[in-house]
Amino acid sequence: MDTVSAFGLDIGATKTSGVAVGDDGDVLAEVREPTELGPAGLLRTAARVVERLTELGGRGPCGAIGVGVPGLVDVERGVVEHAVNLGLNGDRLRLAAVLGEQLGRPVLVENDVNAATLGAAEVTGATDLAYVSIGTGLAAGLLLDGRLRRGHDGAAGEIGHMPVDPAGSRCTCGQRGCLETIASGSALAASWPSDGTPPAQALFAAARTGDPAALVERDRFAGAVAGAVRLLALTVNVETVVLGGGVAQLGEALRVAVADALREQAAASSFLTALDLPGRVRVLPAGVPVAALGAALVGRSRA
Ligand SMILES: [Zn+2]
């Protein structure tokens, strides 16, 4: 095995991924553990993942361990808030300080979508990009000229809560008709229920057979994802938009559907056509743990 230069963790609501990364950014080892919720559970989970990485990859680097978590993250203080899905209801978790003390080495914390954005940049080679995470919800990370844009409140890229349909359904955030109510895994689960198969896979498979209802739903979904791409291209004008998250396991089928929708949206606009948005969209290769990878890069860069 090549020399391990960094460990990165991605703490999710159901599972926590950890990677050991080599000097060239290659993932040398990967582990997954079910996440125990609540402050104490999260710390136990993180410690277990680091222990398993150490078993696989040796003690690894002497530097910091990077950790990606959902919610509002104060990067400087290493504090996580508003991570309701992790069982941190109203808690301010001093994750960097407490975990760091427990592990006996420095810990750096980053929002999970931002960490995934750094991972997506590493995987694609792009340095000016928006990373669109299409999972349970919809959110984007922004790496502008090689620098993360977190925003004044750490809320940059929360495009899932951009209302696009005044008559749309109520969103979990309290507004109506947010992009996330159409362009997310949970929206697909509601509009195209399936048992066993992930809804996105089931919907796209049905659309491939020519099922008229599936075609309508797929085009509505792809149109909303294309809307997210257009929004990002017109606000921060990034060179590349990378689609990731659970729904992006669709791979090339997702890229094609979104590119087609972008072409259709630009049909009457020479301005949009000139921006060539279909040509800027990429989909992450399946199975790459980008958030954990990005977290490892965070740890390494600030070690
Ligand atoms: Zn919303």
Checklist line | Prolate/oblate/rounded label for the chain (Cα gyration tensor, a/c 1.5) | finding: prolate
Notebook entry, point to check: If one computes the Cα centroid of the range 276-298 and of the range 1-28, what distance in Å separates the two points?
Noted result: 15
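Only four residue types carry charge here, +1 at the Cβ of Lys and Arg and -1 at the Cβ of Asp and Glu. Report the dipole size of the chain about the Cα centre in Debye, rounded to the nearest 20.
Values: 25 positive and 33 negative charges, 64 e Å.
In total the dipole reaches around 300 debye.
Just subtract the alpha-carbon distance of Lys15 and Thr3 from 0.36 nm times their residue separation and send over the number in nm, one decimal. Can you show the working numbers first?
Details: separation 12, 0.36 × 12 = 4.32 nm, distance 2.63 nm.
Roughly 1.7 nm would be gained on extension.
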Item checked: Structure-based [θ]222 nm, the chain - -39500 (n - 2.57) summed over DSSP H runs of at least 4, per residue, nearest 500 -> -12000 deg cm²/dmol
Checklist line | Selection from Ile65, Ala295, Val164 lying farthest towards where the dipole of the chain points positive, charges on Cβ | finding: Val164
Next item on the list: Round to the nearest 10 and report in Å² the accessible area of Arg230, as given by a 1.4 Å probe over the protein chains' heavy atoms.
Entry: 80
Notebook entry, point to check: With +1 on each Lys and Arg Cβ and -1 on each Asp and Glu Cβ, how big is the dipole of the range 1-103 about its Cα centre, in debye rounded to the nearest 20?
Noted result: 380
Checklist line | Solvent exposure of the chain as accessible area per residue, Å², 1.4 Å probe | finding: 45
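Using only the Cα atoms, what convex hull volume per residue in Å³ does the range 80-202 have?
Details: hull volume 20.2 nm³, N = 123.
Convex hull volume per residue, Cα atoms: 164 Å³.
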Next item on the list: About the Cα centre of the range 94-181, how large is the charge dipole given +1 on each Lys and Arg Cβ and -1 on each Asp and Glu Cβ? Please answer in debye to the nearest 20.
Entry: 180
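Round to a whole number: what % of the accessible area of the chain belongs to carbon and sulfur, probe 1.4 Å?
On the way: 6840 of 13520 Å².
It is 51 percent, rounded to a whole number.
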Check: Hey, got a sec? Which GluC sites (Glu not before Pro) in the range 215-274 land in a DSSP loop and have at most 14 other Cβ atoms within 10 Å?
Finding: Glu239
Check: How large is log10 I(q)/I(0) at q = 0.20, 0.24, 0.28 Å⁻¹ when the Debye formula is applied to the Cα atoms of the range 196-257, each weighted equally and without solvent?
Finding: -0.79, -1.03, -1.24
Next item on the list: Just the Kirkwood number for the range 158-303, please: inverse of mean 1/r across all distinct Cα pairs, in Å, one decimal.
Entry: 16.4
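How about the range 14-68: which trypsin sites (Lys or Arg not before Pro) there lie in a loop by DSSP and see at most 14 other Cβ atoms within 10 Å?
Arg59
The values are calculated or read from the model by the stated rules, or taken from the named source; none is laboratory data. These figures come from a predicted structure and were not determined experimentally. All Cβ positions, glycine included, derive from the backbone under ideal geometry; neighbour counts span all protein chains shown. The area values use the complete protein model at the heavy-atom level, side chains included, leaving out ligands, DNA and RNA. Shrake-Rupley method; radii C 1.70, N 1.55, O 1.52, S 1.80 Å.
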